[in-house]
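Presented below is the structure to which this report refers.
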Amino acid sequence: MSFTAFFLLLLSVTFHASWNLVAKKSATTIAFYTVICMTSALCWLHLQFWTPVNVLGLPGKYYIFMACSVLSDLIYCCGLVHAYRTMEMSTAYPMMRSLPLLLTAALTTLLGWGKPLTAMALAGMAVVFAGCLMMPLNDFRNFRISNYINSHLLFILLVACGTTGYTVFDSQAQQIMRSELPDISKPVMALTYYSSRGIVLTLTLFTTVFLLKNERANLKRLITERNWTPVLAGLFATFSYGLVLIAMNYVSNVSYVQVFRQLGLLVGVAGGILILKERCSVPKISGSLLIVTGLIMTVL
């Protein structure tokens, strides 16, 4: 992994943990997430007017990958809303961030996308995953499979599958752009894709909100109360994933992106403990050390 990718991902994880902290502290709903995505889309809308990328001239497979990415984001949204409604951030966030790591590696290996991962990289990912599993525990003696098989697991799995889906599909869509437009700079290409994807995602979310009575009421409440919290979260979110999309162009396998995004887990857990006053435990500290160890193993 290049230093450029590492630096971009380091900034990204800080923004990502920040918007999740804001979302957890607020009453997260689909309408709330819609405003987040709308804010992000508006930030990058200007690219549609000056970008040298001819989006309409790209092959059909590009649009299929984008549609799959948007669908994955909808799945992610549904899981996130319910997970944060019923669980602590310092418990939900580690699990939501760890599962996509192995799912992405498994999917890219199965489909043969990207450079094959080394044995050390795979071992490092396993260590990261083990560390993530420790962090929700209050005590090591409480470690048992039954603690992870409960009514909350479905929502965590939805978030994990959604994250894995949009990460992989976004990477593939950008590969098509690079092959079709080799003379366009990578950052401009990535942000153009993010802008186009944001418009499609926002329109899809607004359609979903208007079809659901409770979400229409939630959106109306956000507007009438002039609640700017989702706008703030949207600014954090847009810089977070915009940097991820750019970083994808500087790695040999998108699974490396998923690994380094786990750094945000440490920021998220710290925010949950220090700001939201959630419980802290020895397993969480031990899990954090394992995560750092796994990250170092991955890039050796």
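Through the Karplus equation 6.51 cos²θ - 1.76 cosθ + 1.60, θ set to phi - 60°, convert the phi angles of region 95-110 into ³J(HN,Hα) values in whole Hz; use x for Gly and Pro.
Running phi through 6.51 cos²θ - 1.76 cosθ + 1.60 with θ = phi - 60° gives 6, 5, 8, 8, 4, x, 4, 6, 5, 5, 4, 5, 5, 5, 5, 5 Hz.
With θ set to phi - 60°, apply the Karplus curve 6.51 cos²θ - 1.76 cosθ + 1.60 along region 74-81 and write out the HN-Hα couplings as whole Hz, x wherever there is a Gly or Pro.
5, 4, 4, 4, 4, x, 5, 4
Among Leu111, Met96, Cys77, which residue has its Cα positioned farthest towards the positive end of the charge dipole of region 52-146, with +1 placed on the Cβ of Lys and Arg, -1 on the Cβ of Asp and Glu, and the dipole taken about the Cα centre?
Leu111
With a 10 Å radius around each residue's Cβ, average the other Cβ atoms per peptide and rank 26-39, 199-212, 220-233, highest first.
26-39, 199-212, 220-233
With a/c under 1.5 counting as rounded, go ahead and sort region 223-300 into rounded, prolate or oblate using the C-alpha gyration tensor (a ≥ b ≥ c being the square roots of the eigenvalues; past the cut-off, prolate if a/b is larger than b/c, else oblate).
oblate
Arranged from highest to lowest average of other beta-carbon atoms within 10 Å per residue, in what order do the peptides 282-294, 241-253 appear?
Result, highest mean Cβ count within 10 Å first: 241-253, 282-294.
Tell me the relative contact order for the chain as a rounded percent, counting alpha carbon contacts under 8 Å between residues six or more apart.
45 percent
Classify the chain from the C-alpha gyration tensor, please: rounded if a/c falls under 1.5, else prolate or oblate depending on whether a/b exceeds b/c.
Oblate, since a/c reaches 1.5 and b/c is not below a/b.
Mind checking the per residue accessible area of the chain for me, 1.4 Å probe, whole number of Å²?
Value returned for the chain: 44 Å² of accessible area per residue.
Pull up the cross-link candidates among the lysines for Lys115, meaning alpha carbon to alpha carbon under 30 Å and not fewer than 8 places away within one chain.
Lys61, Lys186
Between Asn54 and Arg85, what length in nm is gained on full extension when 0.36 nm per residue of separation is reduced by their alpha carbon distance?
7.0 nm
Quick one: give the max-minus-min coordinate of the C-alpha atoms of region 178-232 along each principal axis, largest first, in Å.
47, 24, 9
What is the Rg over Rh value, at two decimals, for region 70-163, using alpha-carbon atoms and the Kirkwood definition of Rh?
Expressed as Rg/Rh, it is 1.00.
What part of the accessible area of the chain, given as a whole %, is carbon or sulfur when the probe is 1.4 angstrom?
Taking all protein chains in place, the chain shows 71 percent carbon and sulfur surface.
Looking at the calculated P(r) for region 28-107, what percent of the C-alpha pair distances fall above 16 Å?
That tail contains 69 percent of the Cα-Cα pairs.
Please give me, ordered by residue number, the trypsin sites (Lys or Arg not before Pro) of region 78-142 that lie in loop per DSSP and have at most 10 other Cβ atoms within 10 Å.
The qualifying sites: there are none.
Under 25 Å between alpha carbons, and skipping anything fewer than 8 positions from Lys284 in its own chain: which lysines qualify?
Partners found: Lys24, Lys25.
What list of ³J(HN,Hα) couplings, whole Hz, do you get for region 167-183 from phi and the Karplus terms 6.51, -1.76, 1.60, once you set θ to phi - 60° and write x for glycine and proline?
In residue order, the calculated couplings are 5, 5, 5, 5, 5, 5, 4, 6, 5, 5, 4, 5, 6, 7, 10, x, 8 Hz.
The values are calculated or read from the model by the stated rules, or taken from the named source; none is laboratory data. No experiment lies behind these values; they were computed from the predicted model shown. Cβ atoms come from the backbone with ideal geometry, glycine included; neighbour counts cover every protein chain shown. For accessibility, only protein heavy atoms count, side chains too; no ligands or nucleic acids. Shrake-Rupley method; radii C 1.70, N 1.55, O 1.52, S 1.80 Å.
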